[in-house]
Amino acid sequence: MPACIFCKIIKGESPASLVFEDDNCLAFMDIQPVNPGHVLVIPRRHAVSLADMNAEECARLFSAAHALAAAVRASGLRCEGVNLLLADGEAAGQEVFHVHVHVFPRFAGDGFGFTYGPEYAILPERRELDEQARKIRSALTPAVGP
Ligand code: AMP
Ligand code: ZN
């Protein structure tokens, strides 16, 4: 496996502007921020994908992201809203293959946005939504299922 840049940051072998660390997670500034105050939250244990993390590890990661979102809002940096974003897989836009949650401030007119495909304008029928719900429900693992 080629050297993971986020593992290098964890080991102190690559520079980072650290915001937070505990036994499970690290948070530091993104080198190419969407807006000033853009933080990345990562697990200490190298995991490429969410599927490589257990529920406990994910809970700790998202708990840290929750705290970072509040801190970004309270920081004095321009912040009218906050986005949390996690790209899981190349097709989802993942470029660094060590799980990370983006936490970044938003404000009116900042220029960030999602683009949608042409189908987005067409609302699916209820039976399609029900069928998709059934498929996802049947794939839920016991850890998150009823
Ligand atoms: P993603 O597309 O979700 O995989 O995002 C990867 C993010 O990591 C991008 O926003 C990059 O700017 C950021 N990034 C890459 N290398 C570093 C680094 N050495 N320090 C901080 N952020 C980084
Ligand atoms: Zn790594």
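The values are calculated or read from the model by the stated rules, or taken from the named source; none is laboratory data. Here the structure is a predicted model, which means the values were calculated and not measured. Methodologically, a virtual Cβ is constructed for each residue, glycine included, from the backbone with ideal geometry; neighbour enumeration extends over all protein chains shown. For the accessible areas, the whole protein counts, side chains as well, though only heavy atoms, and no ligand, DNA or RNA atoms are used. Shrake-Rupley method; radii C 1.70, N 1.55, O 1.52, S 1.80 Å.
Values computed for the structure shown
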{"quantity": "Which of Phe6, Leu129, Gly37, positive extreme of dipole for the chain (C-beta unit charges)", "calculated": "Gly37"}
{"quantity": "Cysteines not pairable in the chain (beta carbon separation under 4.7 Å absent)", "calculated": "Cys25, Cys58, Cys79"}
{"quantity": "Magnitude of the charge dipole, the range 19-76, Cβ model with Lys/Arg +1 and Asp/Glu -1, debye to 20", "calculated": "160 debye"}
{"quantity": "Rounded, prolate or oblate (a/c below 1.5 giving rounded, otherwise prolate when a/b exceeds b/c) for the chain by Cα gyration tensor", "calculated": "oblate"}
{"quantity": "Local electrostatic count at Val82 - Lys and Arg +1, Asp and Glu -1, tallied over other residues with Cβ under 10 Å", "calculated": "+1"}
{"quantity": "Heavy-atom accessible area per residue - the chain, 1.4 Å, Å²", "calculated": "67 Å²"}
{"quantity": "In degrees, nearest ten, helix 55-74 long axis to first principal axis of the chain (Cα)", "calculated": "70 degrees"}
{"quantity": "Helix axis angle, 126-139 relative to the chain longest principal axis, alpha carbon, degrees", "calculated": "60 degrees"}
{"quantity": "Environment charge of Arg60, counting only residues whose C-beta is closer than 11 Å and scoring Lys/Arg +1, Asp/Glu -1", "calculated": "-2"}
{"quantity": "Label-point separation, Ala121 to Glu13 (7 Å along Cα→Cβ), nm", "calculated": "5.1 nm"}
{"quantity": "Label-point gap, in nm, between Gln94 and Ser138 - each point 7 angstrom along Cα→Cβ", "calculated": "2.6 nm"}
{"quantity": "Förster radius 30 Å - calculated FRET efficiency between Asp23 and Leu77 (Cβ-Cβ, nearest 0.05)", "calculated": "0.65"}
{"quantity": "Charge dipole magnitude, Cβ of K and R +1, D and E -1 - the range 5-115, Cα centre, debye nearest 20", "calculated": "260 debye"}
{"quantity": "Fraction of accessible area attributable to carbon and sulfur, the chain (%, probe 1.4 Å)", "calculated": "57 percent"}
{"quantity": "With all protein chains modelled, accessible area of Asp130 [1.4 Å, Å²]", "calculated": "90 Å²"}
{"quantity": "Label-point separation in nm, Glu128 to Asp110, each point 7 Å along Cα→Cβ", "calculated": "3.2 nm"}
